[in-house]
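Since the structure comes first, as structure tokens, the remarks are kept for the end.
A short reminder: the numbers here are calculations on the coordinates, not readings from a lab. Just so you know, these numbers come straight off a predicted model, no measurement behind them. Every residue, glycine as well, gets a Cβ built from its backbone with ideal geometry; the counts of neighbours run over all protein chains shown.
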Amino acid sequence: MRWSMLGAWIAGTATVLASIIPAFSGVNEPVAIHHLDHSGLILGGVVTASLAYSVSAQDGSNATGAWLASAILAPIAIMLLMWPSMYEYLDARPWLHAAEHVSLAGLGFVAAYSGQRYARGVGVAIGILTIAMAAVSAGGYGIVAP
């Protein structure tokens with residue numbers, strides 16, 4: 001269990017750094033590429049949640065409505081944070097942009113961890129689907145939105 005906790009700390013730290021540093025880099029990417037970056041940040045949150053859950057895993061059921069609600073609402077919040085018309089505003093404000101990135105990773109963590117706490121395997125499924133949702137939206141936003 002100690003190795004899982006160490007892995008969770010390393011993955012979490014790497015994800016936070018990957019969330020903050022690019023926001024201050026000044027690189028202007030197309031929206032589609034930016035969404036792929038976001039899917040990577042969400043992946044970091046999901047991996048961190050998986051490692052953290054393996055440390056705190058308990059026998060017995062944790063299937064409460066609160067775990068299910070947060071597992072459902074976190075991916076919805078992720079999509080709202082990736083609203084393309086907000087990017088110009090956020091790009092001009094690096095601290096807000098960094099906060100958005102950290103929030104995406106944090107919500108990826110919440111979705112996966114809450115799903116696992118609700119029922120074993122649900123967090124893995126929600127994590128994979130949330131990452132896929134962000135990656136697939138890269139194509140949609142890259143084509144449809146300016």
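Couple of notes before you dig in:
- Cα pair count fraction exceeding 26 Å, expressed as % - the stretch 2-144: 24 percent
- Label zone of residue 91 (point 7 Å out along Cα→Cβ, amide N under 20 Å): in the stretch 23-42 this covers 23-41.
- Rel. contact order, % - alpha carbon contacts under 8 angstrom, at least six apart, the chain: 38 percent
- Packing-based ranking, highest mean first, of 26-32, 75-81, 126-132, 111-117 given that Cβ atoms within 10 Å are counted: 111-117, 126-132, 75-81, 26-32
- The chain: calculated mean residue ellipticity at 222 nm from DSSP helix runs of at least 4, using -39500 (n - 2.57): -27000 deg cm²/dmol
- Of the complete DSSP H runs in the chain, those spanning 15 angstrom or more by Cα along the long axis with a mean Kyte-Doolittle score not below 0.5 are 2-20, 31-56, 65-81, 122-144.
- For residue 37, neighbours were defined as the other residues whose beta-carbon sits under 13 Å from its Cβ, and their charges (Lys and Arg +1, Asp and Glu -1) total -3.
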